[in-house]
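Worksheet for the structure shown next.
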Number of protein chains: 2
Amino acid sequence: MLPIFGMGANEQCDPEYPRRCVFYVSDGTGVTAQTLGHSLLTQFNRQSFKAARVLPFVDDENKARRAQAEINQSAEDDGVRPIVFSTLVNESLKVIVRDSDAFFLDLLGGFIGTLEKELQQTAGRVRGLAHGASDHDRYMSRIDAVNFALQHDDGLSADGYGRAELILLGVSRVGKTPTCLYLSMQHGLHVANYPFSVEEIQAQRLPPVLRPHRSKLFGLTIQPDRLSQIRSSRKPDSVYASVSQVRAELTGAESLMQVENIAYLDTTLLSIEEIAVIVLQRCGLITESFS
Amino acid sequence: MLPIFGMGANEQCDPEYPRRCVFYVSDGTGVTAQTLGHSLLTQFNRQSFKAARVLPFVDDENKARRAQAEINQSAEDDGVRPIVFSTLVNESLKVIVRDSDAFFLDLLGGFIGTLEKELQQTAGRVRGLAHGASDHDRYMSRIDAVNFALQHDDGLSADGYGRAELILLGVSRVGKTPTCLYLSMQHGLHVANYPFSVEEIQAQRLPPVLRPHRSKLFGLTIQPDRLSQIRSSRKPDSVYASVSQVRAELTGAESLMQVENIAYLDTTLLSIEEIAVIVLQRCGLITESFS
């Protein structure tokens, strides 16, 4: 196991504070194991952990034994047992991996058992359903949504605004594109984005192309210092990145959105995931149904 | 609660088979709760569930009480208690939501307790760390990676190939762009993609622009019928989408990659997440370290 960056495998660990390896073992992609495992690890001292490795597609006994061997090797190398986050659903594969020299956490097993009682059903215990391609229609609609986001990025085209569930507005580099891509990929939503030009801000009126879609509009804004920093990493020492230019654009865009009664969000301290969830919540798009 | 699509709240449920609502309650974005909850639900009959709703940013007592009220309302409306997946870390907020008329699953609590014993540490129990913007450097490197993917999509530019960790190859619509965007957004990797032209396939030689980056190249391919179907939804009844054209391109591209000794993957039955994990695994990019 080689960390991409950070502490190398052969560096000396403080014996008082052994750094452990973390394994995410899954019969599918490992996305679920990583997501929950990462959430749990954020609650502890980062210095407790050395490197994390995903062992995906562990779906037969040979692969389970290879996973066990790799985990045991890490225990031997590090002098401390690794943490194993497992989402294996097959009982016999789970037993093989659990039998490693590791602290083993079965992320699904306990919950499946209690849900079986509550729902009075036997769980399918079918592997790799969560992030596989088994739901073909849902999959194709996500790909379609990603293509839509790319075709309607940065005001490129207004052709599909009628099909859009949401159109994000704001000045350049405020976070529109990553938010659109995230919403399309994770939620399968058709999201366009439109950058306000300096002329549109000066006019203090909504551009005509946006007017028929007022109910789908949502704005993003950000603190001037932060935007100046972001733009500077793209075009250092430019007027475009100067605090005075950025401040004028942001003040103007916020004023325009207030005049036009468009809701907006300050993204300064927010991650893409947080921006996405808040936008979904404010736009009433946060519920999904089971067809 | 209004489902976006599917069964409406007022439709009659089969009394023998009551459909329950699902709530994901979190003090952060709800991404972790949704990911694990969704994995668990895939193991049961979809017909057991009616609609799912995320209740994010439940980070004070008022919001916890509002969450409780909404959950109780759903129990009353549906005549069956909903399923609540919670990643709340604050004990007093958890008690309020747990006290609803629901089947409550605490996704983190039990694991935090056992990890505390194993690591001989007290968990921080700090909310919203997993998908927040607290790790500023990591966050900026993801945004940078998404911009890189966009700038180097579809052979647009070769300027940054030196900075790329990976360059995906293949014919048009084989899945390169969504895979690049996913890898940049979820893993912060700099991934470019390059579409083989018909001329390059006929020449059966790697285009000069790719030759200095041989170690970063990885190919995607797909079954002809599937690609024809995908291209048809973009350009129906075109030569571009015809099975004969698609078959010639794919056979040629695969042969080129074999001649040039470039590894490639058939994406026909795979989701974006699966393609991403397999590519990372084959390219040895699957380990991350804790700095």
* Structure fact -> Within region A:78-97, the count of residues that are within 23 Å of B:T35 (Cα to Cα) and without any contact (Cβ under 8 Å) to a residue 60 or more places away in the chain comes to 2
* Structure fact -> Heads up, the helices (runs of 4 or more DSSP H) in region A:71-152 (entirely inside) with at least 3 residues that are more than 10 Å from every other protein chain (Cβ to nearest Cβ) are A:91-98, A:136-151
* **Check on A:R127, of a type in the set (D, E, K, R), closer than 23 Å to B:R46 by Cα and in the same structural domain as A:Y194 (by TED's automatic domain parsing)** => no
* Residue that is more than 7 Å from chain A (Cβ to nearest Cβ) and either outside any strand (DSSP E or B) or within 22 Å of A:T32 (Cα to Cα) (or both), where the choices are B:R53, B:R65 -> B:R65
* Within region A:219-242, count every residue that is of a type in the set (D, E, K, R) and in contact (Cβ under 8 Å) with a residue 40 or more places away in the chain. => 3
* Asked: Which fully enclosed helices (runs of 4 or more DSSP H) of region B:224-291 have 1 or more residues being among the hydroxyl-bearing types (S, T, Y)?
  -> B:224-234, B:243-259
* Any chance you could count how many residues in region A:247-290 are at pLDDT 95 or above, buried (at least 16 other Cβ atoms within 10 Å of the Cβ) and of a type in the set (S, T, Y)? => 1
* **Members of region B:164-215 found to be in a loop (DSSP other than H, G, I, E, B), free of Cβ contacts under 8 Å to residues at least 60 places away in the same chain and either among the hydroxyl-bearing types (S, T, Y) or more than 26 Å from A:T179 (Cα to Cα) (or both), listed by number** => B:S197, B:Q204, B:R205, B:L206, B:P207
* Structure fact -> Picking from A:S86, A:S92, the residue that is touching a Lys or Arg at 6+ places or on another chain (Cβ under 9 Å), modelled with pLDDT of 90 or more and hydroxyl-bearing (S, T, Y) would be A:S86
* Structure fact -> With the first residue restricted to region A:261-282 and required to be in contact (Cβ under 8 Å) with a residue 60 or more places away in the chain and within 11 Å of chain B (Cβ to nearest Cβ), and the second required to be among the hydrophobic types (A, V, I, L, M, F, W, C) and in a helix (DSSP H, G or I), Cβ contacts under 6 Å at 6 or more apart or on different chains are A:T267/A:I275; A:E273/B:V31; A:A276/A:L183
* Right, B:Q47: modelled with pLDDT under 95, facing chain A (nearest Cβ under 7 Å) and surrounded by fewer than 23 Cβ atoms within 10 Å (Cβ to Cβ) or not? -> no
* Asked: Which residues, taken from region A:153-163, are closer than 19 Å to A:F196 by Cβ and either part of a loop (DSSP other than H, G, I, E, B) or away from every other protein chain (no Cβ under 14 Å) (or both)?
  -> A:G155, A:L156, A:S157, A:A158, A:Y161
* To do: Might you check whether a residue that is farther than 22 Å from A:A164 by Cβ and touching a strand residue (DSSP E or B) at 6+ places or on another chain (Cβ under 7 Å) occurs anywhere in region A:255-268?
  => yes
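The values are calculated or read from the model by the stated rules, or taken from the named source; none is laboratory data. Everything numeric here is computed off the predicted structure, so don't read it as measured data. Please note: Cβ atoms are built from the backbone with ideal geometry, for glycine as well, and neighbour counts cover all protein chains shown.
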